[in-house]
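First comes the structure, then the notes that go with it.
The values are calculated or read from the model by the stated rules, or taken from the named source; none is laboratory data. Since the model is a prediction, treat every value here as computed from it, not as a measurement. Positions of Cβ are backbone-derived with ideal geometry, glycine not excepted, and every protein chain shown enters the neighbour counts.
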Amino acid sequence: MSANLYPSPHIAFTSAENSDIAGSFLDINLDALKRNYRYLANRGKKADCAAVIKADAYGIGLEQAANALWQEGCRTFFVALPKEGARARKILPQATIYILNGLMSQQACGFYQQHELRPVLGSLDEVDLWQSHCATTQTDLPCAIHFDTGMNRLGLSLKSAHLLADRIKANALSFTPSLIMSHLACADTPLHPLNTQQLDKFRTIRALFPDIPASFANSAGIFLGPDYHFDLLRPGIALYGAQPVNDHPNPMNVVATLQARILSLRNVTKGDSISYGAAAVTNRDSRIATICVGYADGYIRAGGSTMQKDGAKVWVAGREAPIIGRVTMDLIMIDVTDIPASDIAPGTLVEMFGPHIAIDDVAAAAGTIGYELLTSLGMRSERRYHLDHETD
Ligand SMILES: *Cc1c(COP(=O)(O)O)cnc(C)c1O
């Protein structure tokens, strides 16, 4: 198969081999990631800006993201799990790396120490584990302390915060926390009353630990304004280009673009059903393209259409087209009736999300959020990392 047989306005293959055998392509623009970091960091006038790179940097690739963010000046990173931290440590020998999910066990302490990872301690029990590890090894290892201000997920209560503050005052803590933090539950909804309630609580807690830097804002929290910034911003999703705040224009650059190849085209008559369960039926004579991507590539199955519900849109030959019928494991059908036949052929690449189709719109059509779509992408698509000057 020669790529020339399958002309497409979107084709920009990096390797002839892969271009001939891949069904879908996940393009990651690392310069866009860097610009997003710079944009968020500039919003924090006095605050430093960290980066959350958990879950393989929200699916775009932990190593690549970590490297690009370090180049852009990021020095503090958050992951969820110790193993993610060890991976990040290999790429980032000098960075500060926090493990959001805290300390799983006494035995885990050695792993943190070995890889110079800082746990985000989420309960007094975890504080005790770290304390006893530091005492046994005669070390003063840095860590963060997480306080719960309204998520009810991880973190010390206000009452525990007082107990901890008393311990510090009495010099009864054998290590020095390097960060205190809390996490917002509703930052993506700026007018939600929980935002200011959490802020008030966090201010109270912060006053108990005046000498320790504080971190509060995730991506959406950054946009709530400087009151929410404290000393260290902690964005994740906005770095990767998804919309941080609901019902607001998205100021972030697109980082991830998913494209899939058209495999075949067929004409169907009005009333024919498409895909499994015959859940969608054409209401006119239609032209249907079958494209080489499915839920096993991470494209959420609920993004398909049924007679009751529209599905997600795709972008093909300079226009929008709808998904028709259920998303299957390896394949999706789209309705290309309104697209001039001469503009598409087998091999044409279809944008599933990217510059023309917002990842958040696809997620919404599938009843989910950009976070879940990004972190579902997996490894089956052919991944290509770009810098600005290499794209189109
Ligand atoms: C995931 C996470 C973040 C990043 O949140 P985004 O909404 O992706 O910016 C920040 N802090 C904590 C505790 C998290 O779990």
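Kindly indicate the residue of region 221-236 that is among the hydrophobic types (A, V, I, L, M, F, W, C) and part of a loop (DSSP other than H, G, I, E, B) and also surrounded by the fewest Cβ atoms within 10 Å (Cβ to Cβ) among those meeting that condition. It comes out as Phe223. Just so you know, in region 255-281 the residues that are of a type in the set (Val, Ile, Thr) and in contact with a strand residue (DSSP E or B) (Cβ under 6 Å, 6 or more places away or on another chain) include one that is nearest to Val350 (Cα to Cα), and it is Ile262.
Annotation note: Cβ proximity below 7 Å between a residue of region 73-86 that is closer than 16 Å to Ala51 by Cβ and a residue that is in a helix (DSSP H, G or I) and more than 16 Å from the ligand (Cβ to nearest atom) (sequence gap 6+ or interchain) occurs for no pair.
Screening region 175-192 for residues that are over 24 Å from Gln113 (Cα atoms) and more than 13 Å from the ligand (Cβ to nearest atom) and picking the one that is nearest to the chain's Cα centre (by Cα) gives Pro190.
Against the definition (modelled with pLDDT of 95 or more, acidic (Asp, Glu) and more than 21 Å from the chain's Cα centre (by Cα)), how does Asp310 come out, yes or no? Judged against the criteria, Asp310 is a match.
For region 56-103, the set of residues classified as within 14 Å of the ligand (Cβ to nearest atom) and acidic (Asp, Glu) consists of Asp56, Glu84, listed by residue number.
With respect to Pro251, determine if the residue is within 16 Å of the ligand (Cβ to nearest atom), at pLDDT 95 or above and surrounded by fewer than 23 Cβ atoms within 10 Å (Cβ to Cβ). So Pro251 passes the test. Candidates in region 105-128 are the residues that are within 16 Å of the ligand (Cβ to nearest atom) and assigned to a loop (DSSP other than H, G, I, E, B); of these, the one that is surrounded by the fewest Cβ atoms within 10 Å (Cβ to Cβ) is Ser123. For region 168-210, the set of residues classified as of a type in the set (D, E, K, R) and part of a helix (DSSP H, G or I) consists of Lys169, Asp200, Lys201, Arg203, Arg206, listed by residue number. Within region 334-341, the presence of at least one residue that is part of a strand (DSSP E or B) and in contact (Cβ under 8 Å) with a residue 24 or more places away in the chain is confirmed. Within region 31-45, residues that are within 13 Å of Asp231 (Cα to Cα) reach partners that are part of a helix (DSSP H, G or I) and at pLDDT 95 or above with beta carbons closer than 6 Å, at six or more positions or on different chains, in the pairs Arg43/Ile222. For region 193-220, a tally of residues being within 16 Å of the ligand (Cβ to nearest atom) and either crowded, with 16+ Cβ neighbours inside 10 Å or small (Gly, Ala, Ser) (or both) returns 14. Scanning region 348-368 for residues that are in contact (Cβ under 8 Å) with a residue 24 or more places away in the chain and surrounded by fewer than 18 Cβ atoms within 10 Å (Cβ to Cβ) turns up Pro355, His356, Asp361, Gly367, Thr368. For region 276-318, filtered to residues that are part of a loop (DSSP other than H, G, I, E, B) and basic (Lys, Arg), the residue that is farthest from Ile339 (Cα to Cα) is Lys309. Comparison of Leu239, Leu258 shows that the only residue that is crowded, with 17+ Cβ neighbours inside 10 Å and assigned to a strand (DSSP E or B) is Leu258.
For region 38-54, state whether one or more residues are within 14 Å of the chain's Cα centre (by Cα) and assigned to a helix (DSSP H, G or I). Looking for residues that are within 14 Å of the chain's Cα centre (by Cα) and assigned to a helix (DSSP H, G or I), one finds at least one in region 38-54, hence yes. Among the residues making up region 264-275, those that are under 9 Å from Gly325 (Cα atoms) and assigned to a strand (DSSP E or B) are Ser273, Ile274.
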